[in-house]
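Taken together, the values in this text are just the output of simple stated rules run on the coordinates, not laboratory data. Not measured: the values here are computed from a predicted model. Quick reminder, even Gly has a Cβ in these numbers, built from the backbone with ideal geometry, and neighbours come from all protein chains shown.
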Amino acid sequence: MVLCRCGVAFLVLSIAALSGCQRPRPVVLSTFRTSLEGRTEGQKHNALKAIRALDQATIPPNGTFSFNSRVGSWTRERGFVRAPVSLGGVLVPSWGGGVCQVSTTLYVAALLAGMEILERHNHAIAPSYVSTGMDAAVAYGVADLKFRNPFNFPVRVKCEVKASQIVCQIVGLMTPRQEREQKRMRFQLKRETTSPTQVRLWRLHYRDGKLIRRELCNESNYMQNQ
């Protein structure tokens, strides 16, 4: 009986240890930063409010993320302020000015993590805080940033301000086996300028260091900055 009880105890401990090995843990899939240098205090204030709303958002496998649904409307009642925003290529004070820098930072992080982009819009005039073709304009009720998690594990959005930079990360919550498989994949972005006002953005998919796919992310057309 003693031997039997020990054997059962050993079996239980072995199963527990095996299950622990497969317990999901956070793994950073991508990180992207944009600088807040030169932005107005109002723009920084609005950006920080959006960042706080986005941080820790979790997207299940095959789940869809909406920037506007997560952040909500940019009204005075919700604590947003008027700040410069590009409307038709002209900078005018408007509620939520500065939020687009957060959506842009998250857009690039999502691309580098392998997320499937469902909706994205470029600005009329390319913003200065990111390379052309890599921006993502948002306007509540009009233009959104949406993407889908194509993986078989959940991902989490992490956003913060660090050293005068907006930092967005996509973090996978995966088992060791999923992590080993995911590390075989890598995503890289490449811009192609087709005219003074047009840019194509490509995502290059690598597996085990070999290019396996070249994906057109967007073709952005901008007004010339006067």
Furthest towards positive pole of dipole, LEU111, ASN152, VAL92, structure part the chain, Cβ charges: ASN152
Calculated P(r) of segment 154-205 - Cα pairs past 19 Å, %: 58
With the dipole of the chain worked out from charges on the C-beta (+1 for Lys and Arg, -1 for Asp and Glu) around the Cα centre, which of GLY72, VAL138, VAL27 lies farthest toward the positive end? VAL27
Dipole moment magnitude, nearest 20 debye, the chain about Cα centre, only Lys, Arg, Asp, Glu C-beta charged: 660
What are the ³J(HN,Hα) values, in whole Hz, obtained from phi via the Karplus relation 6.51 cos²θ - 1.76 cosθ + 1.60 with θ = phi - 60°, for each residue of segment 142-153 in sequence order, with x given for Gly and Pro? 10, 9, 10, 10, 10, 8, 10, 7, x, 8, 8, 9
Excluding residues on the same chain fewer than 8 positions from LYS49, give the lysines whose Cα lies under 17 Å from its Cα. LYS158, LYS162
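I'd like the FRET efficiency for VAL92 and LEU118, computed as 1/(1 + (r/R0)^6) with the beta carbon distance as r and R0 of 25 Å, rounded to 0.05. It would help to have the intermediate numbers written out before the result.
Details: r = 29 Å, r/R0 = 1.15.
FRET efficiency, VAL92 to LEU118: 0.30.
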Give the calculated FRET efficiency between ASN221 and ARG70 to the nearest 0.05, with a Förster radius of 35 Å applied to their Cβ-Cβ distance. 0.80
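Over the Cα atoms of the chain, compute the convex hull volume and normalise it per residue, giving Å³.
On the way: hull volume 34.7 nm³, N = 226.
That works out to 153 Å³ per residue.
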Of the residues ARG52, ARG120, ARG184, which exhibits the maximal mean-square fluctuation in a Gaussian network model of the chain defined by a 10 Å Cα contact cut-off? ARG184
Simple SL model, points at 7 angstrom along Cα→Cβ for LEU204 and ASP55; separation in nm is 3.5
Separation between Cα centres of segment 118-153 and segment 189-226, rounded to whole Å: 14
Which whole-Hz couplings ³J(HN,Hα) result when phi for each residue of segment 37-44 is put into the Karplus expression 6.51 cos²θ - 1.76 cosθ + 1.60, θ = phi - 60°, listed in order with x for Gly and Pro? 4, x, 7, 6, 4, x, 5, 5
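If the chain between LEU173 and VAL142 were fully stretched, how many nm would it gain, using 0.36 nm times the residue separation less the Cα-Cα distance?
Details: separation 31, 0.36 × 31 = 11.16 nm, distance 3.19 nm.
Between LEU173 and VAL142, full extension yields 8.0 nm more.
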Between ARG33 and ASN152, what is the label-to-label distance in nm when each label sits 7 Å out along the Cα-to-Cβ direction? 3.6
Residues with amide H under 5 Å of GLN165's amide H, sequence separation 5 or more or different chain, H placed in the peptide plane at 1.01 Å from N; which? LEU36
Taking the chain as a Gaussian network, where each spring joins two C-alpha atoms under 10 Å apart, which residue of GLN188, GLN22, GLN198 fluctuates the most? GLN22
Here the FRET efficiency for THR194 versus ARG23, based on Cβ atoms and R0 = 45 Å and rounded to 0.05, is 0.40
